[in-house]
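Trainee: Here you go, one structure.
We did not get these values from a lab; they are worked out from the coordinates using the rules stated. Since the structure is predicted, the reported quantities are computational estimates derived from the model, not experimental observations. Here the Cβ positions follow ideal geometry from the backbone for every residue, glycine too, while neighbour counts run over all protein chains shown.
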Amino acid sequence: MPKRQPSEHWQKVRMFAEKWTWQDKRTGLMTVGYNPPPGVQKLARVPFFVRFVTKSGRLESGMVISLDVDRRKHLRRVQFVDSGAIRYVWDFLIVDIDGTKIYG
């Protein structure tokens, strides 16, 4: 009998999608985290791979950067790294992020 692959709930999408990277003032090293301190240098979003279902039922995937999040509606605006296209993605229509399955 096959084992079930580990999964996450769609409400934990924020843990994968809202990471920042910045240069630490004391050490000069690039740091990855969720809440960057004020006044840091080289502040940027961390891109991630996402596979999601559109409202019309198509399966789309690619490397994206999260631009804006509406937590009340569970809707996020993402920009594809390769093409620069901006799309809206519902959190509960996401299939997987960086290889981790998201189940609703």
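Trainee: Mean residue ellipticity at 222 nm from the helices of the chain, using -39,500 (n - 2.57) per DSSP H segment of n ≥ 4 over the full residue count, to the nearest 500 deg cm²/dmol?
Mentor: Value at 222 nm, helices only: -1000 deg cm²/dmol.
Trainee: How much length is gained on full extension from Asp24 to Val40, taking 0.36 nm per residue of separation minus their Cα-Cα distance?
Mentor: 5.1 nm
Trainee: Given H placed on each backbone N at 1.01 Å, which residues far from Lys19 in sequence or on other chains put an amide H within less than 5 Å of it?
Mentor: Close amide H contacts, sequence-distant or interchain: Val46.
Trainee: Round to the nearest 0.05 the FRET efficiency obtained for Lys101 and Asp68 when R0 = 35 Å and r is the Cβ-Cβ distance.
Mentor: Numbers: r = 25 Å, r/R0 = 0.71.
Once the sixth-power term is evaluated, E becomes 0.90.
Trainee: Quick one: 3J(HN,Hα) in Hz for the range 34-49, Karplus 6.51/-1.76/1.60 with θ = phi - 60°, rounded, Gly and Pro as x.
Mentor: Once θ is set to phi - 60°, the couplings for the range 34-49 become 9, 10, x, x, x, x, 7, 9, 6, 7, 8, 6, 8, x, 9, 8 Hz.
Trainee: For the range 63-73, in order, what is each residue's ³J(HN,Hα) by Karplus, 6.51 cos²θ - 1.76 cosθ + 1.60 with θ = phi - 60°, in whole Hz (x at glycine and Pro)?
Mentor: Whole-Hz 3J(HN,Hα) from phi for the range 63-73: 7, 9, 10, 6, 8, 8, 10, 10, 5, 5, 9.
Trainee: In nm, give the distance between the simple-model label positions of His9 and Phe92, each being 7 Å from the Cα along the Cα-to-Cβ direction.
Mentor: Using points 7 Å along Cα→Cβ, the separation is 1.3 nm.
Trainee: Considering only Cα-Cα distances, which of the following residue pairs are longer than 25 Å: Lys12/Lys42; Lys25/Lys73; Lys42/Lys101; Lys12/Lys55?
Mentor: Numbers: Lys12/Lys42 27 Å; Lys25/Lys73 36 Å; Lys42/Lys101 31 Å; Lys12/Lys55 21 Å.
In this structure, Lys12/Lys42; Lys25/Lys73; Lys42/Lys101 exceed 25 Å between Cα atoms.
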